[in-house]
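Participant: Encoded as structure tokens, here's the structure I'll be asking about.
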Amino acid sequence: MDVTESFGGNVIGLDEAYRPLPSLYLGFLLIWFVSAFLWTINTWRNRHFQMNNLQWTLASVPLIKALQLCLSFFFWYSCYNHQICSLWMSFGVYVTGVLFQTASFVSFLLISHGYCIMYERLSIPERRTTTALGCIFYLTLIGYRASVPYFTGLLVVNYFISFYVIFHRVSQNLLLLSEQLSFIEDEDIHTMHDAVYTKYTMFKKFQNVMQIVAVTETLIYISMDDDPDNYWLRLLIREWAQFCIFLYIGWTFRSQELSPRFSVMPTMKSQGERIVPPIYSIEMNAEDFKDFSCHEWHIGVVGAFVYFSLWYACKNSASMRPLGVHVIYTCYFTFDVVTTYKS
């Protein structure tokens, strides 16, 4: 930028075109800070309704952004009001900016893999892919911002690979959920329809917003120049675009009271046959229940990735004893079986 500057406590001369920057950074700092605070409070209050590991991970994004904006505000404020620009402050802005973009794309990758939406945990290949892409993106972004030769091309390649992985995984999850919805309609299993349809809607919205992110990132890098006259306007447009995108994604994947069976999901992705987790209600007498068994269903047996819950209740009438059994399908999903028998 067209600025005469020297760091470390020396007096500097700044172009007047940059004077609106402290006010802009302060305004966006307040917006992101309030958003991060409300997101954290909402996640804490609704922690009992669903698995919120994804929501806590997403909470790091606005916090990092708020830190970056805070450092940016103090940097430009001290430059214009005290004629001193701190080298360490500018370095902090640089580092937090890289961390913000890296955390954003890692969050996008987690959502695309269906973390805490389709599966409780990522599989080992998914963890390795997410970690590798995140580290490579972080390093290439550092090289690009430091104007290291050839890192512009590396960053473009990394963007292309990251967006390909995101769109590919989202398409796979949408296809799987579409198959499950068709199965639900064919088998007339209404108990799981709302939960599966909610997940389908989430991924559909995420797919649309990621297309906007891809276009926005492209326009941001195309429009980058050193002209100070309209820098504040480009900054305003970029910050508003980032905030609106994350506001939409945050609202879509916020912690909330969803369908009662939204959290019915396998622990990890399986390569086996994928089926819909319906809720069954079966009635049988005591003798049949004693001999009840299935190669895929295990009652009262802890499987590889499951747990068992059993409760017993006696009513006032001695002729009827209802027994509620939480049945675990050890490969994929969880079922509820209500068994009633006469003593």
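Participant: Would you work out the relative contact order for segment 16-253, in percent, from Cα pairs under 8 angstrom that are 6 or more residues apart? Intermediate results must be reported in sequence, preceding the final value.
Facilitator: Details: 176 pairs, mean separation 49.3, N = 238.
Rounded, it is 21 percent for segment 16-253.
Participant: Can you tell me the FRET efficiency between S60 and D229 if r is taken as the Cβ-Cβ distance and R0 is 30 Å, rounded to the nearest 0.05?
Facilitator: 0.30
Participant: By how many nm would the segment from A146 to S171 grow when fully extended, if each residue of separation counts as 0.36 nm and the alpha-carbon distance is taken off?
Facilitator: Taking 0.36 nm per residue and subtracting the Cα distance, the gain is 5.5 nm.
Participant: For R121 and S78, what does the FRET efficiency come to when R0 = 56 Å and r is the distance between their Cβ atoms, rounded to the nearest 0.05?
Facilitator: According to the calculation, E is roughly 0.80.
Participant: Got a sec to turn the phi values of segment 119-126 into Karplus ³J(HN,Hα) couplings, 6.51 cos²θ - 1.76 cosθ + 1.60 with θ = phi - 60°, whole Hz, x for Gly and Pro?
Facilitator: For segment 119-126, the Karplus curve yields 9, 5, 9, 7, 6, 4, x, 5 Hz.
Participant: If we count every other residue with Cβ under 15 angstrom of Y25's Cβ, Lys/Arg +1 and Asp/Glu -1, where does the sum land?
Facilitator: Neighbourhood net charge equals +3.
Participant: Sticking with this structure for a sec: If one puts a single equal scatterer on every Cα of segment 106-226 and applies the Debye formula without solvent, what log₁₀ I(q)/I(0) results at q = 0.13, 0.14, 0.23 Å⁻¹?
Facilitator: -0.62, -0.69, -1.31
Participant: Which one, F160, L177, S78, projects farthest toward the positive side of the charge dipole computed for segment 16-253 from Cβ point charges (K/R +1, D/E -1)?
Facilitator: About the Cα centre, the residue reaching furthest to the positive side is S78.
Participant: Tally Lys and Arg at +1 and Asp and Glu at -1 over the other residues with C-beta under 15 Å from the C-beta of Q68: what net charge comes out?
Facilitator: +2
Participant: Turning to a different aspect of this structure: If N is the number of residues in segment 16-253, what value comes out of its Cα radius of gyration divided by 2.2 N^0.38 Å?
Facilitator: 1.13
Participant: Fully extended, how many nm does the chain gain between A241 and A132 (0.36 nm per residue separation, minus their Cα-Cα distance)?
Facilitator: Working: separation 109, 0.36 × 109 = 39.24 nm, distance 2.72 nm.
Taking 0.36 nm per residue and subtracting the Cα distance, the gain is 36.5 nm.
Participant: What spacing in nm lies between the two simple spin-label points modelled at V215 and Y94, each 7 Å away from Cα in the Cβ direction?
Facilitator: It works out to 3.4 nm between the two label points.
Participant: What's the magnitude of the charge dipole for segment 16-253 around its Cα centre, counting Lys and Arg as +1 and Asp and Glu as -1 at the beta-carbon? Answer in Debye, nearest 20. Numbers along the way, then the final one.
Facilitator: On the way: 14 positive and 15 negative charges, 124 e Å.
Here the size comes out at about 600 debye.
Participant: May I ask you to compute the full-extension gain from T252 to I161, defined as 0.36 nm times their residue separation minus their alpha-carbon distance, rounded to one decimal in nm?
Facilitator: Length gained, T252 through I161: 30.3 nm.
Participant: Around I249, what is the net charge, scoring Lys/Arg as +1 and Asp/Glu as -1 over all other residues with Cβ under 14 Å from its Cβ?
Facilitator: Net local charge, I249 excluded: +4.
Rule-based calculations on the coordinates, nothing more; no lab input. Because the structure is predicted, anything quoted here is derived from the model rather than measured. Please note: Cβ atoms are built from the backbone with ideal geometry, for glycine as well, and neighbour counts cover all protein chains shown.
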